[in-house]
Amino acid sequence: MSNNILLDSMTKRIAVCITGASGAAYAYRFLEEIHNSGIAETHLVVTKPGAMVIKQELGIASKDVEKIADFSYDERNFMSPIASGSFRLDGCLVSPCSMKTLSGIAHGYEENLVIRAASIALKEGWKLVLMPRETPFGIIQIKNMLAAAEAGAIVMPPLPQFYFRPKDINEIIDMTVGKMLSIFGIKSELSKEWGVEMREETEYAKHD
Ligand SMILES: Cc1cc2nc3c(=O)[nH]c(=O)nc-3n(C[C@H](O)[C@H](O)[C@H](O)COP(=O)(O)O)c2cc1C
């Protein structure tokens, strides 16, 4: 892919935001898949707590994650393109999404570039996918997820599809990443479809 910020009309443009909830691996694999396929241009923001969790969970620095994004911005950089709705995106992913960031998105409190980019996606009617991670969810967090969903966000906690019988943690992550990619309209080998995968176990009649 060219490193030109002015896209041809076929390429997707996606903001990828990593916050300080557990589950940095999901965003990392999402970026990796897009980086390998070159099907979309990615604009990355990692919050400060996000960088700490990346270090803790993946054992790498956020700089290493930046390497597989096309563009990356500091969470305070309101001069960046994705801080304005005039810079058209095909969607925004917040993965993982902390309860703090979820709250900011649900209430329109645009205190950093992640929440600003997510708010823009909502107001512009672009796809916004949130991957909130906490357990258990309290009532405040459930209400915040409802508010975000009512405003148009797709709320997608990282919950495994055990019916595909994942063999290990990498397969669990990849299945969820496949789902994330398909929500953004990106075809990937990671996306699994019931009735296509595990076909022998799917009961349906084929009509000629
Ligand atoms: C190792 C680690 C794991 C964390 N996991 C979560 C989590 O799963 N969900 C959550 O909401 N916050 C979690 N936190 C706390 C957030 O990082 C913290 O609330 C932070 O203020 C979020 O800020 P941000 O949304 O700007 O990244 C975790 C923190 C650490 C250090």
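Peptides 163-169, 63-69, 87-93: what's the order by average Cβ count within 10 Å, highest mean first? Mind dumping the intermediate values first?
Numbers: 163-169: 11.4, 63-69: 16.4, 87-93: 20.3.
Peptide ranking by packing, descending: 87-93, 63-69, 163-169.
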Calculated SAXS-style log₁₀ I(q)/I(0) at q = 0.34 Å⁻¹ - the stretch 31-72, Debye, Cα scatterers: -1.13
Cα Rg, Dmax, the stretch 98-173, angstrom units: 14.0, 41
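With 25 Å as the limit, write out which pairs from LYS123/LYS192; LYS67/LYS167; LYS127/LYS187; LYS12/LYS55 have Cα-Cα distances beyond it, or answer none. Can you show the working numbers first?
Details: LYS123/LYS192 31 Å; LYS67/LYS167 29 Å; LYS127/LYS187 16 Å; LYS12/LYS55 29 Å.
As for pairs spanning more than 25 Å Cα to Cα, those are LYS123/LYS192; LYS67/LYS167; LYS12/LYS55.
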Taking the chain and dividing mean pair separation by its residue count, relative contact order in percent (alpha carbons under 8 Å, at least six apart): 19 percent
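Out of the DSSP beta bridges found with both residues in the chain, what percent are antiparallel (nearest 5)? Intermediate results must be reported in sequence, preceding the final value.
Details: 0 of 22 bridges.
Antiparallel bridges make up about 0 percent of those DSSP assigns within the chain.
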Rg and Dmax of the stretch 12-201, Cα atoms only, in Å: 15.8, 53
Long-range HN-HN contacts of VAL16 with modeled amide H, under 5 Å: HIS43, LEU44, VAL45, LEU93
For the chain, calculated [θ]222 nm from helices alone, where every DSSP H run of n ≥ 4 adds -39500 (n - 2.57): -11500 deg cm²/dmol
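From Cα pairs below 8 angstrom and at least 6 apart in sequence, can you work out the relative contact order of the stretch 1-114, rounded to a whole percent? Don't jump to the answer; show the numbers that get you there.
Numbers: 183 pairs, mean separation 41.1, N = 114.
Answer for the stretch 1-114 is 36 percent.
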Backbone HN-Hα couplings from phi across the stretch 87-101 [Karplus 6.51/-1.76/1.60, Hz, Gly and Pro as x]: 8, 6, 10, 8, x, 9, 10, 10, 8, x, 10, 5, 5, 5, 5
Under Karplus coefficients 6.51, -1.76 and 1.60, residue-wise ³J(HN,Hα) of the stretch 121-137 in Hz, glycine/proline x: 4, 5, 5, 8, x, 8, 5, 10, 10, 10, 10, x, 9, 6, 7, x, 7
Per-residue ³J(HN,Hα) for the stretch 12-25, Karplus 6.51 cos²θ - 1.76 cosθ + 1.60, θ = phi - 60°, Hz, x for Gly and Pro: 7, 10, 10, 8, 10, 10, 10, 10, x, 8, 5, x, 4, 4
Selected from MET79, MET145, MET175 as most flexible by GNM, with the chain as the system and alpha-carbon contacts under 10 Å: MET79
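Laboratory data are not the source of any read-out in this text; all were calculated from the coordinates shown. Keep in mind that this is a model prediction, so the values were computed, not measured. Ideal geometry is used to build each Cβ from the backbone, glycine not excepted, and the neighbour counts take in all protein chains shown.
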